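Below is one structure, written out as structure tokens; comments come after it.
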């Protein structure tokens, strides 16, 4: 079976889809293994997915953030974004230049990550 067959739509999905219409960045946080990745991959199958748990992906993102983020002009899903918090400042600049660009961020509900998201992406993200 593919992932779509097993997916159960959450009530929160409608709220996230509505926010996607108005915000360039959507940030999904929550405890580990709570279904964040499954949720965002099913809601946004048109966006390329990258996990920053993957050391090669994280290395590329940290060593050349502009090239990494410019791989897809429409945007991307960045899972476990707390592993590369410096990307948030680059994302801020990119969505300021192109409000149609979309980034879906996810990560564990760590206080430090939420604070960084709130500071870097104020007014640009729905959390």
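Observations on the structure shown:
- Test set (1) more than 14 Å from the chain's Cα centre (by Cα); (2) assigned to a loop (DSSP other than H, G, I, E, B); (3) surrounded by 13 or more Cβ atoms within 10 Å (Cβ to Cβ) - residue 47 fails condition number: (1)
- Condition check for residue 16: crowded, with 20+ Cβ neighbours inside 10 Å, within 19 Å of residue 102 (Cα to Cα) and touching a strand residue (DSSP E or B) at 6+ places or on another chain (Cβ under 9 Å): no
The rows are residues; the columns are (1) assigned to a helix (DSSP H, G or I); (2) surrounded by 20 or more Cβ atoms within 10 Å (Cβ to Cβ).
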site: 72; (1), (2): no, no
site: 77; (1), (2): no, yes
site: 89; (1), (2): yes, no
site: 99; (1), (2): no, no
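- Flag for residue 107 being in contact with a strand residue (DSSP E or B) (Cβ under 7 Å, 6 or more places away or on another chain) and either crowded, with 18+ Cβ neighbours inside 10 Å or at pLDDT below 90 (or both): yes
- Test: residue in region 50-63 that is modelled with pLDDT of 95 or more, buried (at least 20 other Cβ atoms within 10 Å of the Cβ) and within 25 Å of residue 18 (Cβ to Cβ): yes
The values are calculated or read from the model by the stated rules, or taken from the named source; none is laboratory data. In this text, all values refer to a predicted model and were calculated from it rather than measured experimentally. Ideal geometry is used to build each Cβ from the backbone, glycine not excepted, and the neighbour counts take in all protein chains shown.
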